[in-house]
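Chemist: What follows is a single structure, and I will ask about it in a moment.
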Amino acid sequence: MSAVPRERGTPESPALGKLMHAPPVPREHGAWVMLSAPLVLGLAAAGSAPLLPTTLLAVVSLSAFMAWEPTFRVLRGRPRPGDRIWAAVLLTILAASACGLLVSGPGSGLLPLAVAGLAVGVVTGILRRVGRKRLDRTVLGEVLAVSGLTLTAPAAWVVGRGELSGAAWWLWAASTAFFASGVVHVKTLMRCALHKSNWTRAVHRQLCGPSLLYHMLLGAAALWAATKQPQAGFWIAAAYLPVVARGLYGSVRPARRMPRLVRVGALESLYAVWFLVSASIAARMVLP
């Protein structure tokens with residue numbers, strides 16, 4: 001499960017020839033979920049939001065997400081056919097919708113989030129440049145990308161409530177912690193599969209230790225938050241329990257074979273839906 005968008009394309013239309021190519025649609029389904037679920041969570045937590053700013057926020061998020069990959073390749077000096085024109089089109093849409101959002105919505109509250117998103121995009125690009133192969137990308141780099149995608153949660157809260165309050169950052173932290181679990185878990189599965197021929201207890205500890213520690217801390221944090229908010233404690237714990245159990249089991253008893261990524265992606269999407277429903281209920285009960 002990767003947070004860095006990678007796109008797929010379809011054969012170009014003969015009628016358009018070399019003038020236009022298929023849009024760079026990111027093919028990482030997990031990244032789509034990481035972008036959209038926090039957005040819905042933020043709107044649900046806010047309770048209500050004006051239609052125009054909400055629509056513009058969705059356009060800003062989508063255009064930034066789709067523009068990242070072709071823009072990265074153009075700046076790197078290795079563009080594919082169509083990258084330059086699609087980068088220009090998507091960045092133009094991004095700029096226009098962002099200006100509209102700043103005018104029609106609470107611009108002062110969204111500016112820090114825009115700066116944070118830009119910084120995450122730049123650093124992610126640098127880390128992507130260093131990691132030549134897909135499996136070479138560090139877990140830290142993937143989690144950083146997750147933290148950028150989940151900025152849609154506080155942005156949606158700002159659109160709905162009109163200010164960048166502490167509640168917005170709690171929504172961001174909750175979303176980032178949840179989706180980082182998927183990154184850590186899937187990376188662990190894939191690395192264990194690559195070392196199945198020389199498996200030892202030391203290799204097990206080295207490969208699975210970080211995931212085990214992360215999910216122990218995530219479970220402890222969820223239980224702590226549940227005890228601090230007893231009226232919503234059940235839903236807070238329920239939001240994280242499935243992925244904590246999945247991560248702990250996968251760390252203690254790794255499969256040591258290459259996972260079926262389609263199946264893994266489907267399960268992670270189901271976990272995300274469960275998290276979205278549970279976290280939305282908890283947020284409505286806790287946040288003012």
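Chemist: Which one is surrounded by the most Cβ atoms within 10 Å (Cβ to Cβ) among residues in the range 46-94 that are without any contact (Cβ under 8 Å) to a residue 40 or more places away in the chain and among the β-branched types (Val, Ile, Thr)?
Modeler: Thr71
Chemist: Could you list all residues from the range 235-249 that are surrounded by 16 or more Cβ atoms within 10 Å (Cβ to Cβ) and either among the aromatic types (Phe, Trp, Tyr) or over 22 Å from the mean Cα position of the chain (by Cα) (or both)?
Modeler: Trp235, Tyr240
Chemist: Mind checking whether some residue in the range 237-246 is closer than 22 Å to Pro154 by Cα and in contact (Cβ under 8 Å) with a residue 60 or more places away in the chain?
Modeler: yes
Okay, residues lined up against (1) under 11 Å from the mean Cα position of the chain (by Cα); (2) within 24 Å of Glu268 (Cα to Cα); (3) surrounded by fewer than 22 Cβ atoms within 10 Å (Cβ to Cβ):
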| residue | (1), (2), (3) |
| --- | --- |
| Leu151 | yes, yes, no |
| Trp157 | no, no, no |
| Gly160 | no, no, no |
| Trp169 | no, yes, yes |
| Ala174 | no, yes, no |
| Phe178 | yes, yes, no |
| Gly182 | yes, yes, no |
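Chemist: Considering the range 105-115 alone, what residues qualify as being crowded, with 16+ Cβ neighbours inside 10 Å and assigned to a helix (DSSP H, G or I)?
Modeler: If the condition is that a residue be crowded, with 16+ Cβ neighbours inside 10 Å and assigned to a helix (DSSP H, G or I), then Gly109, Leu110, Leu113, Ala114 are the ones that fit.
Chemist: Of Val183, Val158, which residue is within 30 Å of Ala238 (Cβ to Cβ), in a helix (DSSP H, G or I) and in contact with an Asp or Glu (Cβ under 7 Å, 6 or more places away or on another chain)?
Modeler: Val183
Chemist: I need the full set of residues from the range 250-288 which are buried (at least 18 other Cβ atoms within 10 Å of the Cβ), over 21 Å from Cys208 (Cβ atoms) and aromatic (Phe, Trp, Tyr), in order please.
Modeler: Phe275
Chemist: Still on this structure: Look at Gly100 and say whether it is within 19 Å of Glu163 (Cβ to Cβ) and of a type outside the set (A, V, I, L, M, F, W, C).
Modeler: no
Chemist: What do you reckon, is Trp199 modelled with pLDDT under 95, of a type in the set (Phe, Trp, Tyr) and either surrounded by fewer than 20 Cβ atoms within 10 Å (Cβ to Cβ) or within 16 Å of Tyr271 (Cβ to Cβ) (or both)?
Modeler: yes
The values are calculated or read from the model by the stated rules, or taken from the named source; none is laboratory data. Everything numeric here is computed off the predicted structure, so don't read it as measured data. FYI the Cβ positions are ideal-geometry reconstructions off the backbone, even for glycines, and counts take in every protein chain you see.
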